[in-house]
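Read through the structure below, which is laid out as structure tokens, and then see the notes.
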Amino acid sequence: MDLPAHKLDDLEADERTRAIREAQRDAAMAPDGVNPKQLAGNKKTPFRYLPRAALIPVAYVMKLGADKYGWWNWLKNRVQEGDYLEAVERHVAALYAGESIDPESGESHWAHIAATALVYLDAELNSMADSDLPYPNAAAQLIRDRKAG
């Protein structure tokens, strides 16, 4: 949306005013002994649940991908779901074969799986992903029906 600078400033000021009023309302409603900032933070994206140590090898795999395919390439060109599933399956096959480290990158196959999933999810959330998978079939239902017990 292209707005004149003064209109954009008005929108930003309105957003700041709304956020301040909401924080003040939350502070007034906070029970005694409860930090109102904590109450406000509880409404926001809970980044505390991301496993930080696991993100480190994933970040290295993401950098390797950026060097190889271009930085944020999945937001510049549409991606196909099947390509990403096949990449995941290759890393899973290597793990089943007893190989824990990808020989090309020197990073864990699990880090490659996580990075691949994150890239595809980001493309999907940004409307840059297309499914090229076959039509829906009975496989998913059969898996649910035949759970090992």
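I'd like to compare 47-60, 86-99, 119-132: which one has the highest average count of other Cβ atoms within 10 Å, and what's the full order after that?
119-132, 86-99, 47-60
Placing +1 at every Lys and Arg Cβ and -1 at every Asp and Glu Cβ, with all other atoms neutral, what dipole size does the chain have around its Cα centre, in debye to the nearest 20? Let's see the in-between values first.
Numbers: 18 positive and 23 negative charges, 131 e Å.
Rounded to the nearest 20 debye, it is 640 debye.
What FRET efficiency comes out for Asn137 versus Glu86 if R0 is 25 angstrom and r is the Cβ-Cβ distance? Round to the nearest 0.05.
Working: r = 18 Å, r/R0 = 0.71.
Working from the Cβ atoms, E equals 0.90.
Could you tell me which helices of the chain pass both thresholds, a Cα extent of 18 Å or more along their own axis and a mean Kyte-Doolittle hydropathy of at least -1.0, with helices taken as whole DSSP H runs?
On the way: long enough: 5-29 (36 Å, -1.16); 52-69 (25 Å, 0.51); 81-96 (22 Å, -0.21); 109-125 (24 Å, 0.75).
TM-like helix candidates: 52-69, 81-96, 109-125.
Could you give each residue of region 41-51 its phi-based ³J(HN,Hα) in whole Hz, using Karplus coefficients 6.51, -1.76, 1.60 with θ = phi - 60°, and x for Gly or Pro?
x, 5, 8, 9, 4, x, 5, 4, 8, 6, x
So for region 97-149, taking the charge dipole from beta-carbon charges (+1 Lys/Arg, -1 Asp/Glu), which of Ala97, Pro136, Ala117 sits furthest toward the positive end?
Projecting each Cα onto the dipole axis, the largest value belongs to Pro136.
List the aspartates and glutamates whose Cα lies under 13 Å from the Cα of Lys68, skipping any in the same chain that are fewer than 8 positions away.
Partners within reach: Glu104.
If you take the beta carbon distance between Lys44 and Leu75 as r and set R0 to 41 Å, what does 1/(1 + (r/R0)^6) give as a FRET efficiency, to the nearest 0.05? Display every interim value, and only then the final one.
Numbers: r = 24 Å, r/R0 = 0.58.
Result of the calculation: an efficiency of 0.95.
Values quoted throughout were computed directly from the atomic coordinates according to the rules given, and no laboratory measurement underlies them. Just so we're clear, the structure is a prediction, and the values are computed from it rather than from any experiment. Cβ coordinates were reconstructed from backbone atoms using ideal geometry, including for glycine residues, and neighbour counts include every protein chain displayed.
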